[in-house]
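A.B. asks: Have a look at the structure that comes next, please.
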Amino acid sequence: MTILGIETSCDDTGIAVLEVTEGETPAFRILSNAIASQIDVHQEYGGVFPSLAKREHIKNLPITLKKSLQESGVEKTDAIAVTYGPGLAPCLWTGINFAKELAQKWNVPLVPVDHMEGHLLIGLTANEKSQNPKPKFQTNLNFQVPNDVFPAVALIVSGGHTQLVLVKDIGDYQLIGETRDDAAGECFDKTARILGLPYPGGPEIAKQAADFKIQNSNFKISLPRPMMHTKDYDFSFSGLKTAVLYDYKARPEQERQSKEYIQEMASEIQQSVIDVLLHKTMKAAEEFGAKSVILGGGVSANDELRHVLTNKAGAINVKTLMPPKNLSTDNGLMIALAGYFTYKANSYEKNPENIAATPNLRIA
Ligand code: KG4
Ligand code: ZN
């Protein structure tokens, strides 16, 4: 069967066509994965501006659909999946309304999808071959859900969310921890802004951090590791942002604008975020006897995070599963994939009239 995935929860308009060969372990083939980015539009504001994002989605949806269908070679799909939460209400509604109309026109089922489940499942389907795809998107990337990975602990880190989820099976989730304030990606975005780096901040911080050499440390910056040793699985990143701001303000203008300071600060920010994320993730993996750790969400594109997680999990014989980097950030494919499993489980709202944007949707 084929399924169309529509994603508009934040600032990317994503539409993908996924083909599924059903069987005991379904096999997936990506027929297309078109994306319209709005980074240019929001860069000026240093973050996503909801009413502008909505306007862009309205403009981009028909164009992205056309592109995705053309690339896939199909005229319509057997089902449509759309993100209904969590995310920005005006953006979610735009995608949902577009999907409702299309489902009616094509006379196919409409499946509402949890954005976070999309981020989670796209990591699960990664395999050897898909780990390092070429930078340009590959349409013929085949993938399959691997055997023997449950129970798993999933760390989903994006611009809006930071969650630890116990995955007993596909569709069987338990939220075991989340951020109490800012998300990890948000922390990168906000601290990057303090340092004068453009939006989105995550890739910029990573780039600056990669250029820092520890032996060249001049500034002895030491940031906190918030909530690292609390007994729960929750996170907090707003204090980290404040600590960066204090350090920055306390430095003379010339010093804090130097390339050396920005690189050293970026490295310490990245290290601090990774330390807390992975400390709690590994603790959860041990406590719940996880066979694998799944990484997902925009921040999972971070090379250092991927590298350290792979090492730490490897050391205790736990597998790591993560999406290829170009599927870490928001895309329609992850929605099509989660949509397929939701459709098969038959546990979704069947009347499209009743599908509504749910900005604060929580997994499990
Ligand atoms: O999942 P996503 O595309 O959108 C949301 O659902 O929020 O995540 C976007 C977030 C942004 O905060 C961005 O700064 C962060 O992912 N990000 C990264 C990297 N690439 C994107 N953070 C750290 N390192 C990266 N390489
Ligand atoms: Zn996301």
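Every number in this text was worked out from the coordinates using simple rules, so none of it is lab data. It should be emphasised that the depicted structure is a prediction, and the values quoted were computed from it without experimental measurement. Note that each Cβ is placed from the backbone with ideal geometry, even for glycine, and that neighbours are counted across all protein chains shown.
A.B. asks: Rank Gly202, Asn317, Asn302 by how far each Cα sits towards the positive end of the charge dipole of segment 152-321 (+1 on Lys, Arg Cβ; -1 on Asp, Glu Cβ) and give me just the farthest.
C.D. replies: Going by the Cα projections, it comes out as Asn317.
A.B. asks: Based on the Cβ-Cβ distance of His279 and Gln144, what FRET efficiency does E = 1/(1 + (r/R0)^6) give at R0 = 30 Å, to the nearest 0.05?
C.D. replies: According to the calculation, E is roughly 0.40.
A.B. asks: Using the Cα centre of segment 213-276 as the reference point, and only Cβ charges (+1 on K/R, -1 on D/E), how large is the resulting charge dipole? Debye, rounded to the nearest 20.
C.D. replies: About 80 debye.
A.B. asks: Under 16 Å from a point placed 7 Å out from the Cα of Asn107 along the Cα-to-Cβ direction: which residues of segment 63-99 have their backbone N that close?
C.D. replies: 76-80
A.B. asks: Between Lys325 and Gln257, what is 0.36 nm times their sequence separation minus the Cα-Cα distance? Round to one decimal in nm.
C.D. replies: 21.4 nm
A.B. asks: Exactly which GluC sites (Glu not before Pro) in segment 146-221 are in a DSSP loop and have at most 11 other Cβ atoms within 10 Å?
C.D. replies: none
A.B. asks: Could you calculate the FRET efficiency of Met1 with Asn360 from 1/(1 + (r/R0)^6), where r is the beta carbon distance between them and R0 is 30 Å, rounded to 0.05?
C.D. replies: Efficiency at R0 = 30 Å is approximately 0.45.
A.B. asks: Right, another one. Return the loop-located GluC sites (Glu not before Pro) in segment 1-51 (DSSP other than H, G, I, E, B) with at most 12 other Cβ atoms within 10 Å of their own Cβ; answer none if there are none.
C.D. replies: Passing both the DSSP loop test and the Cβ count: Glu22, Glu24, Glu44.
A.B. asks: Report the Rg/Rh value for the chain, based on alpha-carbon coordinates and the Kirkwood definition of Rh.
C.D. replies: 0.97
A.B. asks: Quote the charge dipole size of the chain about the Cα centre in Debye, to the nearest 20; the model charges only the Cβ of Lys and Arg (+1) and of Asp and Glu (-1).
C.D. replies: Using Cβ point charges on Lys, Arg, Asp and Glu, the chain gives about 320 debye.
A.B. asks: Restricting to DSSP H runs of at least four residues, report the calculated mean residue ellipticity at 222 nm for the chain, -39500 (n - 2.57) per run over all residues, nearest 500 deg cm²/dmol.
C.D. replies: Taking each H run of at least 4 residues, the total per residue is -13000 deg cm²/dmol.
A.B. asks: Additional query: Run through the DSSP bridge list for segment 152-321 and note the antiparallel percent, rounded to the nearest 5.
C.D. replies: 55
A.B. asks: Given the pairs Lys280/Lys325; Lys54/Lys241; Lys76/Lys100; Lys168/Lys350; Lys207/Lys312, which are separated by over 18 angstrom at their Cα positions?
C.D. replies: Lys280/Lys325; Lys54/Lys241; Lys168/Lys350; Lys207/Lys312
A.B. asks: Another one. What aspartates and glutamates sit close enough to Lys319 to cross-link, taking a C-alpha to C-alpha distance under 13 Å and skipping anything fewer than 8 places away on the same chain?
C.D. replies: Qualifying aspartates and glutamates at Cα under 13 Å: Glu128, Asp148, Glu286.
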